[in-house]
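In what follows, a structure is listed as structure tokens, so that the remarks can point back to it.
The values are calculated or read from the model by the stated rules, or taken from the named source; none is laboratory data. Just so you know, these numbers come straight off a predicted model, no measurement behind them. Every residue, glycine as well, gets a Cβ built from its backbone with ideal geometry; the counts of neighbours run over all protein chains shown. The protein model used for the area step is the full one, side chains on, heavy atoms only, and it has no ligands, DNA or RNA in it. Shrake-Rupley method; radii C 1.70, N 1.55, O 1.52, S 1.80 Å.
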Protein chains: 2
Amino acid sequence: MKITRRDLIRATAATAVRGALAPASVAFDDPLPSWSNGPAKKAILTFVKDTTEKSSPKYVEPNDRVATFDQDGTLWTEHPLYGQAMFALDRLAKMAPQHPEWKETDPFKAILSGDREAMSKFSEKDWVEIVAVTHSGMDTADFQALVSQWITTAKAPRFDRLYTDLVYQPMLEVVTYLREKGFRVYIVTGGGQEFVRVYSERVYNVAPEQVVGSSIVTKYDISSGKPVLMREPKPFFIDDGPGKAVGINMFIGKRPYAAFGNSNGDQQMLEWTQAGDGARLMMLVHHDDATREYAYGPGGGLPDTHVGIFSDALMADANKNGWIVISMKDDWKRIFAFDK
Amino acid sequence: MKITRRDLIRATAATAVRGALAPASVAFDDPLPSWSNGPAKKAILTFVKDTTEKSSPKYVEPNDRVATFDQDGTLWTEHPLYGQAMFALDRLAKMAPQHPEWKETDPFKAILSGDREAMSKFSEKDWVEIVAVTHSGMDTADFQALVSQWITTAKAPRFDRLYTDLVYQPMLEVVTYLREKGFRVYIVTGGGQEFVRVYSERVYNVAPEQVVGSSIVTKYDISSGKPVLMREPKPFFIDDGPGKAVGINMFIGKRPYAAFGNSNGDQQMLEWTQAGDGARLMMLVHHDDATREYAYGPGGGLPDTHVGIFSDALMADANKNGWIVISMKDDWKRIFAFDK
């Protein structure tokens, strides 16, 4: 058990100086300072109380405390395009001189000529092809080095900051709070497992083995006398939609007590979480803040941007099932760590 | 940090009563009491010292301390047949009345007529078919219930004991010792991930999320309004041979510092482990004890039984690479917990 600053403050408040310090200690004691007081914050605090206080009828043994978080749009910004898609496009541009044939071949042609209109209509098959070309043909160590180089230098448009600066401070607080309360926190992402693992520990304090994601086939081989895992241009597992429930069962083998998402691809993860007994927390981030971040849906009457879709059907399901919709605009006092 | 009985004894021995109690404390202090003093035991103790003492040049940060164990033949008995194969055969017999066609169809015919000769010649394709039929067509919860019922009642031949009684006491000691020293212990098995997870926590103190194994395809579905994961009769991932290196990378994302196996299917796991920097421990259990357990190879001139093959080539590789071969007969004072 790690002793945290909050534990110390709590212990202090509970003893000699209780009376005098009580109001101050309440403020210091807030595990979610970037959250406005409202139903979303209250739901998190109630859930943690219900599942971790020994006297609670909904108490959950520490071994079973599992929480899962989608990444794109839930832990960090996914607009105008997923970080990993930007990585793929950057890499494609770098590889292009060695592939003159791409100038005449879709979907590469559209990318290399900067045809945003055509790119916005890319099918899933197009993206699979782009990922296959840019993410394979090397071993896992070389891929990790490429991602590491990119993620520490590439800047996100609009904010002109590293992608890892665009992590949501309120969600980091939830991750930290749950972990302090004995939960094992997993990232369950439609993005590439091996991509996210490169920075998950540094950015989210989530260990590689607690990142569940999509993957391509890897093949064991011996190269110059050393074993390597070669990345093949074939999808292996797609951790999205129904795949998130499959992935959770395969990688964790336990049902989450709390699940956080933001789009249609998270629906089954929330359904799977809710189907368990006892206290369960299901939350969806709704991007309704065009001023501080982005606003898109189409759920809630916001623009339909085709990236991280939160549909009207998902909004209806959330209301029907009692899933908490987090309003970025109203529930988050601060979005990024660099916000004042 | 948990305080163990050994820590207390150590602390006691180190203070007032040091002189008087020293000889006794050495005996009490042995983390591997079922191991004979020999090169195998020494290799384990040296590895732990090298990787966990802060002053060691080969010190490994706690976050990176990963150890992987094969299951069949490494943690428990795999003869005359893998436990899970026995489960499949038992289940096939139970299902047979609903499948009269099996009496005329291979490989089921051979099993139902008790044709041991034909069964011993089953190909991998035959076994895949047997597993597909007996392990699918139900959801994950129903499968877990079936395994749970079987594993707590079925008896292993020869010993007439539960399969979980046939766990190797010396290996349990290694698992416990490594965990006490900050290692995360994973089971990396060619057997079914969902099968082993049913009893891994109870028997080995290894949590479900730390069991990496073979799996079949599961499909998300809604049944009577509740989400389920249906088990399909299709292999998804084969965690054997090269698949063990792939599985370790996929599920753990970190290279093990120690790997324990016993057969050809563990070769790539040991190669992958050894390819890392610093102190690495690679060990293979050699079943050379027909009196207390079983004796088979063909490596080391023992009978070739086709279950858990330890080939001459693997023995040559072990010698060449400095992998430690554990002699059951010489290195283990005791094999099972029920041994005197």
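For this structure, a couple of remarks:
- If the condition is being of a type in the set (S, T, N, Q) and under 13 Å from the mean Cα position of the chain (by Cα), then region A:167-183 contributes only A:169.
- When A:220, A:257 are screened for being over 18 Å from residue A:74 (Cα atoms) and of a type outside the set (Lys, Arg), only A:220 passes.
- Of the residues contained in region B:137-157, none is found to be open to solvent by 20 Å² or more (accessible area, probe 1.4 Å), modelled with pLDDT of 95 or more, in contact with a Ser or Thr (Cβ under 9 Å, 6 or more places away or on another chain) and closer than 30 Å to residue B:45 by Cβ.
- Flag if residue B:240 is crowded, with 19+ Cβ neighbours inside 10 Å, under 27 Å from residue B:156 (Cβ atoms) and charged (D, E, K, R): yes
- The condition of being closer than 27 Å to residue A:165 by Cα, of a type outside the set (S, T, N, Q) and modelled with pLDDT of 95 or more does not hold for residue A:277.
- Taking first residues from region A:307-319 that are at positive phi and partners that are open to solvent by less than 60 Å² (accessible area, probe 1.4 Å), the Cβ contacts under 8 Å between residues at least 6 apart in sequence or on separate chains come to A:308/A:72; A:308/A:73; A:308/A:78; A:308/A:79; A:308/A:262; A:308/A:263; A:308/A:287; A:308/A:296.
- Region A:273-288, subset more than 14 Å from residue A:74 (Cα to Cα) and not basic (Lys, Arg), residue nearest to the other protein chains (Cβ to nearest Cβ): A:275
- Filter result (in contact with a Phe, Trp or Tyr (Cβ under 7 Å, 6 or more places away or on another chain), within 14 Å of chain A (Cβ to nearest Cβ) and open to solvent by less than 10 Å² (accessible area, probe 1.4 Å)) within region B:252-272: B:252, B:270
- A single member of B:228, B:246, B:212, B:188 is at the interface with chain A (Cβ under 9 Å from one of its Cβ atoms), in contact with an Asp or Glu (Cβ under 7 Å, 6 or more places away or on another chain) and β-branched (Val, Ile, Thr), and it is B:228.
- Within region A:314-340, the set of residues being aromatic (Phe, Trp, Tyr), under 27 Å from residue A:268 (Cβ atoms) and surrounded by fewer than 19 Cβ atoms within 10 Å (Cβ to Cβ) is empty.
- Note on region B:285-313: residues that are among the aliphatic types (A, V, I, L, M), in contact with a Leu (Cβ under 7 Å, 6 or more places away or on another chain) and at pLDDT 95 or above total 1.
- If you filter region B:61-83 down to residues that are open to solvent by 20 Å² or more (accessible area, probe 1.4 Å) and either free of Cβ contacts under 8 Å to residues at least 60 places away in the same chain or within 12 Å of the chain's Cα centre (by Cα) (or both), you find that the one that is farthest from residue B:187 (Cα to Cα) is B:61.
For (1) open to solvent by 80 Å² or more (accessible area, probe 1.4 Å); (2) closer than 24 Å to residue B:198 by Cβ, each residue gets a yes or a no:
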| residue | (1), (2) |
| --- | --- |
| B:95 | no, yes |
| B:103 | yes, no |
| B:110 | no, no |
| B:126 | no, no |
| B:130 | no, yes |
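- Pair list, Cβ under 6 Å, 6 or more apart: region B:287-298 residue without any contact (Cβ under 8 Å) to a residue 12 or more places away in the chain, other residue open to solvent by 10 Å² or more (accessible area, probe 1.4 Å): B:295/B:288; B:295/B:302
- Among the numbered conditions (1) farther than 30 Å from residue B:54 by Cα; (2) surrounded by fewer than 18 Cβ atoms within 10 Å (Cβ to Cβ), the only one that residue B:192 does not meet is (2).
- Listed here are the helices (runs of 4 or more DSSP H) enclosed by region B:99-164 that have at least 3 residues being within 14 Å of another protein chain (Cβ to nearest Cβ) and farther than 18 Å from residue B:236 by Cα: B:140-151.
- For region B:167-209, residues that are of a type in the set (Val, Ile, Thr) and part of a strand (DSSP E or B) total 5.
- Of all the listed residues (B:211, B:206, B:217), the sole one being buried (at least 24 other Cβ atoms within 10 Å of the Cβ), farther than 21 Å from residue A:141 by Cβ and among the β-branched types (Val, Ile, Thr) is B:211.
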